[in-house]
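Notes to accompany the following structure.
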Amino acid sequence: MKLVRSAYLFRELRELIDGLNDSKDHMIDGADFSMFADQFGVDSLVAANVATLLGYMEEILNTNIDIAGQARFDQLNEYTARLAGQ
């Protein structure tokens, strides 16, 4: 049962990240991240970093981009560590 649950959770995570990333793309105007910061509830000073981290997750989970094992591991760690600190 736990194995099936993990598959459902992973699928849900992929869909969530895909939707968040799509929303992010519509909220950023050049170097202006103010709408993104407001909508996602992050400080405007870190909004660009959060957007980058969200992009990392989209690449890892939902694209055909080949990301080497260590780079993927580092990006996942950066995403979880930095978002936890936001």
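The numbers here are math on the coordinates, done by the rules we state, and not lab data. For clarity, every value in this text was computed on a predicted model and none was experimentally measured.
Tell me the relative contact order for the range 2-84 as a rounded percent, counting alpha carbon contacts under 8 Å between residues six or more apart.
This gives 26 percent for the range 2-84.
Quick one: helix 69-84 against the long Cα principal axis of the chain, what's the angle to the nearest 10°, folded into 0 to 90?
The answer is roughly 60 degrees.
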